Amino acid sequence: MIGRLKLVLWIALVAAVSACSSGPSDSQADEGSGSRVDLDIIIDYQSDSDLGNADVDIVSDSKADDVQGDADVDTLAETDENSPDSVPTDEIGANDLDLDAPDSDASDLDTPETQEPKDAEYWARAAIAGSVDVDQAFIQISHGTGFPIKCRDGNYLFLHRHFDGPWFVAGDFNNWQKQAMTKSGDDLWHIEVSIPNPIGSGYKFVKENTYEDTYIADPWARAHQYDEHGEISFVTAPQTAHLQRFRFLSGQGLEARDIRVYVPAMAGPWAVLYAHDGQNLFAPDAIGGGWKLREAMSAIQGNFLIVGVDNTDDRMEEYIHVDDKVLGRVWHAKGDAYADFIQKDVRPFVESHFATKDLRGLMGSSLGGLISLYIAHLYPDDYAFAASLSGTLAWGRFELDQPTMQQLYVEVGKRDFIVYVDSGGGEGSGCSTGPQDAHEDENERDNYCATRAFADALAAMGYEYQKDLYHWHEPGALHNEAAWAARVDKSLRIFKFLGENH
């Protein structure tokens, strides 16, 4: 179990800094009565575009974010497995950052009237000079235009944090020939590079070793993708589908976390699908192989953003709407705070960085499916779609007899957003109500009974199958990432249809 992420957010007063100087030449379905829901799905999976980093023989020692599987109650002990990028072990990562201090913004600094604009270049230069806290500088840059930094004179400034060295940068722009970085302070390596053609130009950081060099992707790079060598960073975003990263986004008193955005090749404005457990969605080395959303989006030719919101050590409580007791302890719900975080912090942040349509959806699995339905319940006018894959919909009746998601939806009546729910498993010896059934549903039936009951209740309220209600049953499917990856295209196709007809 890893410790909580932390970041020091106190900042020193800073003095004026100079502009970039010329540096050396230096990313299934069941329709109520058991008939199959016709989703008009034609699956023709394609592989992602080759976004390779040129024909070079490199050794990739990078590790993508350690990820944490969707925490169903029988695997709760696994809920603390996520960790930020840390490659190699001496890399300066989330575990080295201290997040206990109150948030602070660049505008909080008192500086002389002659101070340069506090853009990415300012923060980078000040970090190199040691006049601002490096942790804060990295956060400001990540929340702004991102890494690497484009300087005002057109050069690109690369920053890398690691105690050991030496470090180099290599990429398409220099034919993958290493260029030495300079060290400032205890752990900050930097280099300025002139890059005439930065769009989709791949790069990695390189550490010299006695026998073989180690190549790693920039853990702070805004634009990135995966190829045969693992993760690759881009100087600026390519004109093909890729991912963008924003580090340590916080709000509503919750732990800071990363968000990862799938950006399609087609131009915006885009509809936006917010998905939970962001660590498990895109990376090929995610737990259980992940959801493989990049491949799924390629297969359906999806033209919308997917915002993967990472989970934290508090995943279990952030993804529940009421308290309940399992595994001998009471879990105290933080679902309201998490819903507000998505609505009031993540959503505005995303909309400030991307051209978006007024069309949003939510998606998750296990407890992530539960919280997706809950956020839509709290903000029914703001989300047009909510998808729950194997959602833990019996939550509330494990031991404490609290309102379930089905009860919440029935109490308020039909709303206008579309609901998609699915599960694997099956009814086994039969579905019933009560704590014992709840435990069996979660542990043995992939939440089949609670999901079936939820869909039936919505249909009785006036929701129509294949119009604003979809229920899919994949008999015998397990409760894991591989099963969700195998059927996630169904929910994605529904959202794609909404976006194309918005």
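The values are calculated or read from the model by the stated rules, or taken from the named source; none is laboratory data. Just so we're clear, the structure is a prediction, and the values are computed from it rather than from any experiment. Please note: Cβ atoms are built from the backbone with ideal geometry, for glycine as well, and neighbour counts cover all protein chains shown.
Report every pair of residues separated by at least 6 positions or lying on different chains whose Cβ atoms are under 7 Å apart, first residue within region 334-351 and more than 14 Å from residue 383 (Cβ to Cβ), second charged (D, E, K, R) and crowded, with 20+ Cβ neighbours inside 10 Å.
Note: pairs meeting the criteria are 334/318; 335/318; 338/318.
Only one of these is crowded, with 23+ Cβ neighbours inside 10 Å and of a type in the set (Phe, Trp, Tyr): 226, 274. Name it.
Being crowded, with 23+ Cβ neighbours inside 10 Å and of a type in the set (Phe, Trp, Tyr) holds for just one of 226, 274, which is 274.
Can you list the helices (runs of 4 or more DSSP H) found entirely within region 384-502 that contain at least 1 residues being at pLDDT 95 or above and not β-branched (Val, Ile, Thr)?
The helices (runs of 4 or more DSSP H) meeting that bar are 405-412, 448-461, 481-500.
Let me confirm something: among 212, 255, which residue is within 28 Å of residue 387 (Cα to Cα) and either surrounded by fewer than 21 Cβ atoms within 10 Å (Cβ to Cβ) or of a type in the set (Val, Ile, Thr) (or both)?
It is 255.
Restricting to region 311-338, name every residue that is assigned to a loop (DSSP other than H, G, I, E, B) and among the basic types (Lys, Arg).
The initial filter retains those residues of region 311-338 that are assigned to a loop (DSSP other than H, G, I, E, B), namely 311-314, 319-323, 327-328, 332-334.
Across region 311-338, the qualifying residue is only 334.
Just to be sure before I move on: is residue 346 part of a strand (DSSP E or B), within 14 Å of the chain's Cα centre (by Cα) and not basic (Lys, Arg) in the structure I sent?
So residue 346 does not fit the description; no.
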